[in-house]
Amino acid sequence: MAITIHTYRLAKQLERPLKEIYEARKNLIFIVPSREDKNLLLEMLSLKGFRFNLPQIWQWGDLYSGLSDILRRSGFETVVKRQLDPPDHWLVVRHLVHDILASSKELKEKIPAVGQPAFIETIGRQLHELIGEDTLPEDLSTTLNCKSCTDDCPHLTEPTGLLCHIYKKYLNYLNENDLADSAQIPILARKLLDTESLARQLKDRPFVLVGFMSFMRAQREFIDTLDDIGASIDIFKPDSTMGDKFYDAEQQFAEKAFIGKVSEDRPAKIRLFTCGDPRQELETLARNLWFKVEEGVLTFKDIAIEIPSSYKNIAEDVLNAYRIPWKSGSGKYLNETMCWDLVKRLKIAKDENWPFLATIGLLSNPLFGFDLPKEFLEFLKERIPSGAKEWTDILCKSGATELTRIIKKWDSFFDHIKRGSNVESLFQRLLKLLDDELEIRKRAGACVTDPSLDESLYEVSKFLEALEKKALSLAESLPELGPAQKDMLSEAEGWEYLNRFAEETRILPPKRKRESVTIYFDSSPVLATHKLYVVINATSQQWPGKITDPPLLNDEARRMIHENANLAGIHLPLRHERRQQKEALFRRHLYASTEETWLTFSAIDAQGRPNKLSPFLEMDGEKEDLYIIVEETRRPLSKLLPEGERFLREAEVPKDKLSRPRRKPIPSVKPKDEGYLSDIDTWVQCPALYAYRSILKLFQPKEAGLDAQKCGNMLHLLWSKAWKMRSSEKGLSLEACVEQLWEEVVESTYPLLNHIRKLHRHRERLRLQVLRLARIQEEIYLKLRTAFASTEWERQLPPFTINDVSFRGRADRIDHLKEIGQILWDYKTAGSKNYENSLQLASYALALSKADQKTGGAFYLCHSDSMCLGHISKEHKGLDKRLVPEGYSDNIKIKREKLEDIAKRAEEQLISWAKDLTSGSFEPHYDRKTCKDCQYKVLCRKSEIEGGEWLENGEQ
Ligand code: SF4
């Protein structure tokens, strides 16, 4: 028999020949590269659904078990080795590296990378490569000029010597424990072919390998042996037209294979999109896809997009924004699911000892399904628990038994991993935590109204299924993994193992509408064919990307292996060959379409670094036969929005529309005939802010920790009590009164300041501020004592009317002084900077003057910076000298503007404010300073124009 290689460019062209072969020989065995290719092949053969007698379609991984099965059915007992999956492979390599490290003190000094966690993956990859090339350990020793191998390896502290040493130990480990590396499968399968009965049965069974560009040596040897026993072999190879220098299947079987073409080649038609940045790249793609669909040239079903994982989030965002239905060609990896995200967030919270915000965020996660009542959240925000003990104490005392239980379970799970555990118990504990203790499947189910439609529920259940399967396989699969399975993993290693599992395990994609664009993340199956195929990020960073020398087996060591006469046939790809492989792969993607291939490229990447177009696209004479660029679309960042072009309603806004002046959203309320003078500064800053806060009463939930409002109330009460004590108990200073009253007032108004440890620093800060302010007030009082007559607290000011609006106010404290009249005082917790331009006290003075009462001065007493700030009246120019005590001039600031003048200004503002109140409309006042921390910037749309064009107040 013979090997026939059929080259093709378009997978679509395979339909006819594959059907013909299948119709002629129904007992054939197909081998394809991936699981997705199995389904695509069935579609090509027009075999769908549940049918009997489906053809055997294997991947390389199925080869060994498939052949063993044939053998078993013919009455032969075979012992099938257990195949290592990627996390178990990591576990075994880790075991060996630990053993070697324990046996050599020098090793870590000479090759420090050996102690790094990433080293296990590096060496694991190279072991795969050596096995795939069927490299005998003795042959590797030969390249190091070792005649024979001893336990006391003289080359152990050299990179290639270390690799050689571990390679030998790895093969022995697999042998001793009846395990198989995935790269070993063709070798084991070839050994099965030595069984006469199997050879006899396979003699008449054609093998059809579809979609392989080249083979590793172990695979080649399997094919050779098949050929030797007389099986017919057809290889369908994508033609990358890389020429004779490319080491592909044609070169590998050059001496024995017939080569033929499936059909005539034609160049791929390319449309190139050059854009500014990745987001624009995808948006430009999305709008052009829509145009194609609208023209009726294509349906969404005809389109596939290949997206690198770095673009995943933007791509999902853009496709959803443009309402392009999409489905994933392959399922998500576990580490992309929300369950894994939850596990990671729990771990971070545990590492930080359950801080308040992160923990409350976790407790509110929909997967736990708790609907925490507002009052309870307020209660927790006041106490700001952190640390497992504090959380459980507070929750337990407040009767939240379920929450207490959950936090205890979280904490004990992470303590278990911290203490170290083997992989078996690691999985069992994780599964127990999520499924039994936290009951996330049940809780997530209760959150959705229609489970059949909910992808999240599907994802949770698939995630748990995958965990369950792995836990079961670790506990029950035979043979066991050997001593590595019993190794105690440190906390970091435990997480590394779990990470590996989550990175390598996919869940099945959920069912989506058939009329959807197919998305392939990172790579597509070889048999994928679509009318339009899109490759995102056709940059040099992606194609070919960075090709580095493997640290333990660099090109020099590889060349030595190739040149060694004993090692004929071994070919470990060199750096330039790895680049060629990448180019061949790129070309395969160009031919994944039957009509057009679109390539997109952006000038900068997501981090703003410049990008270059892939060198694989450089046009030269040779490549004209491969592809032709039929159209090029350029969209630089300066053309962010379509201008003068068609735009897609609901997803895009054309620039010409944006350039029209935009209206500010003006909050409208029922007309009012009343205003509170304490709000005047808020209205002056921004009328809309005043409306949101004081009329509509839109407040954000209180932040955790110190309650500023309670502090303000507490200080007001303290000052009124302290002044009363000061005037009744002669001989006591204001400072002494404050000292005496402090505990009582705190306990009666804001007891948590005393009882919550985390608030103690605020209590101390406030106490010191109060004492400083008491000292200043005492000194002022002493200076004015002779004129002092009486004090009023919380006095209602005489109301007055402007344009039918009645304005009211209440003063914190008013002192009555002989000859001077009244002095207004207002206590503020913040610093004096905030009141430099305040009109509040000026409006109070205005209210008094309208009732024919004279005001000598008005002052803000600011706790935060111990300042007294204010204005005095024209009539009492000398009041500043009488008021400012010696040694306190830095704490008292009397503004030049006289009280009458600022009161006049206040009145002008009141007139405008009255207009707003009677009309009920309040225009936003965009101002950088006021808007910076405003909680309403979304409502007034200020946030929309931040960083963009500015419509300052007054502009239309
Ligand atoms: S963001 Fe600015 S304009 Fe908008 S409500 Fe706040 S202060 Fe007013």
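Nothing in this text is a laboratory measurement; each read-out follows from the coordinates by a stated rule. It should be emphasised that the depicted structure is a prediction, and the values quoted were computed from it without experimental measurement. Note that we place each Cβ from the backbone using ideal geometry, even for glycine, and neighbour counts take in every protein chain shown.
Whole Å is fine, so just give me how far the alpha carbon centre of segment 98-127 lies from that of segment 462-502.
Here the answer is 22 Å between Cα centres.
Scale the Cα Rg of segment 334-504 by the rule-of-thumb value 2.2 N^0.38 Å and send over the ratio, two decimals.
1.10
Full extension from F76 to L54: what is 0.36 nm times the residue separation minus their Cα-Cα distance, to one decimal in nm?
So the extension gain works out to 5.5 nm.
Can you tell me the mean projection area, over all orientations, of the convex hull of segment 727-805's alpha carbons? Units nm², please. Provide the component values of the computation, followed by the final result.
Values: hull surface 34.9 nm².
Spelled out: convex hull of the Cα atoms, projected over all directions, averaged, 8.7 nm².
Between F379 and L357, what FRET efficiency follows from the Cβ-Cβ distance if R0 is 22 Å, with the result rounded to 0.05?
Plugging the Cβ-Cβ distance into 1/(1 + (r/R0)^6) gives 0.90.
Go ahead and run the numbers for FRET between R559 and E109, Cβ-Cβ distance against an R0 of 22 Å, rounding to 0.05.
It comes to 0.15.
Take peptides 22-28, 6-12 and line them up by average Cβ neighbours within 10 Å, highest first, as a rough protection proxy. Before the final figure, lay out each step's value.
On the way: 22-28: 13.1, 6-12: 21.1.
Packing order, densest peptide first, comes out as 6-12, 22-28.
Which aspartates and glutamates have a Cα lying under 17 Å from the Cα of K469, excluding residues fewer than 8 positions away in the same chain?
Straight-line reach from K469, under 17 Å: D85, D88, E424, D435, D436, E459, E480, E503, E504.
Determine the relative contact order of the chain: mean sequence separation of Cα pairs under 8 Å and six or more apart, normalised by residue count, in whole percent. If you can, show how the numbers build up before the last one.
Values: 1413 pairs, mean separation 130.9, N = 956.
In percent, rounded to a whole number, it is 14.
Going by average Cβ neighbours within 10 Å, how do the peptides 687-694, 830-837 rank, with the highest at the top?
Going from most to least packed, we get 687-694, 830-837.
Can you compute the modelled spin-label distance between N39 and L768, with each label point 7 Å from Cα toward Cβ, in nm?
For the pair N39/L768, the computed spacing is 6.6 nm.
Looking at the P(r) of segment 665-809, how many percent of alpha-carbon pairs lie beyond 28 Å?
Here the tail beyond 28 Å accounts for 42 percent of pairs.
Pairing the Cα long axis of helix 840-850 with the longest principal axis of the chain, what angle in degrees results, from 0 to 90 and rounded to the nearest 10?
For 840-850 against the chain, the angle is about 30 degrees.
Using Cα pairs under 8 angstrom and six or more residues apart, how large is the relative contact order of segment 44-125, in percent?
With pairs under 8 Å counted, the relative contact order is 20 percent.
Mind checking the full-extension length gain between E176 and E900? Use 0.36 nm per residue of separation minus the Cα-Cα distance, one decimal, nm.
Details: separation 724, 0.36 × 724 = 260.64 nm, distance 9.86 nm.
Length gained between E176 and E900: 250.8 nm.
Please report the Cα spread of segment 83-177 along all three principal axes, rounded to whole Å, starting with the longest.
33, 29, 21
Express the relative contact order of segment 83-177 as a whole percentage, based on alpha carbon pairs under 8 Å and six or more residues apart in sequence.
Working: 51 pairs, mean separation 29.7, N = 95.
Worked out over segment 83-177, it gives 31 percent.
So which of K269/K546; K783/K833; K169/K470; K724/K783; K81/K169 end up more than 20 Å apart, counting from Cα to Cα?
K269/K546; K783/K833; K169/K470
Take every DSSP beta bridge whose two residues both sit in the chain, then give the antiparallel share in percent to the nearest 5.
Here the antiparallel bridges make up roughly 30 percent for the chain.
Kindly count the pairs of lysines across segment 570-656 whose alpha carbons are less than 23 Å apart, treating pairs on different chains or eight or more residues apart as eligible. Please list the in-between numbers first.
Numbers: K582/K612; K582/K623; K612/K623; K612/K639; K639/K655.
Pairs that pass both the separation and distance tests number 5.
Given the Cα-Cα distance of E729 and E129 and 0.36 nm per residue of separation, how much length would full extension add, in nm?
The E729-E129 span can extend by a further 206.8 nm.
Once Rh is set to the Kirkwood radius over Cα pairs, what Stokes-Einstein translational diffusion coefficient, in µm²/s, holds for the chain at a temperature of 37 °C and a viscosity of 0.692 mPa s?
93 µm²/s
What does the highest-first list of 63-69, 145-151, 169-175 look like by mean Cβ count within 10 Å?
Packing proxy ranking, top to bottom: 63-69, 169-175, 145-151.
Given the rule -39500 (n - 2.57) for each run of at least 4 DSSP H residues, summed and divided by the residues of the chain, what is its mean residue ellipticity at 222 nm, to the nearest 500 deg cm²/dmol?
Per the formula, -13500 deg cm²/dmol.
Can you give me the angle between helix 117-132 and the longest principal axis of the chain, using Cα atoms only, in degrees from 0 to 90, rounded to the nearest 10?
That helix lies at roughly 20 degrees to the long axis.
Can you compute the modelled spin-label distance between Q541 and E836, with each label point 7 Å from Cα toward Cβ, in nm?
4.4 nm
Quick one: F427, F212, fewest Cβ neighbours within 10 Å first, how do they rank?
F212, F427
Considering every Cα-Cα pair within segment 825-956, what fraction, in whole percent, is farther apart than 26 Å? Could you put the intermediate results ahead of the total?
Numbers: 3439 of 8646 pairs.
It works out to 40 percent of all Cα pairs.
With labels modelled as points extended 7 Å from the Cα through the Cβ direction, what inter-label distance (nm, one decimal) is found for E264 paired with T829?
8.4 nm
State which entries of K828/K874; K664/K828; K381/K408; K710/K929 exceed 23 angstrom in Cα-Cα distance in the structure shown. Before the final figure, lay out the partial values.
Details: K828/K874 25 Å; K664/K828 33 Å; K381/K408 20 Å; K710/K929 26 Å.
Where the Cα-Cα span goes over 23 Å, the pairs concerned are K828/K874; K664/K828; K710/K929.
Rounded to the nearest 0.05, what FRET efficiency do L478 and D69 give with R0 = 25 Å and r taken as the Cβ-Cβ distance? Could you check?
Step by step, r from the Cβ atoms, then E = 0.90.
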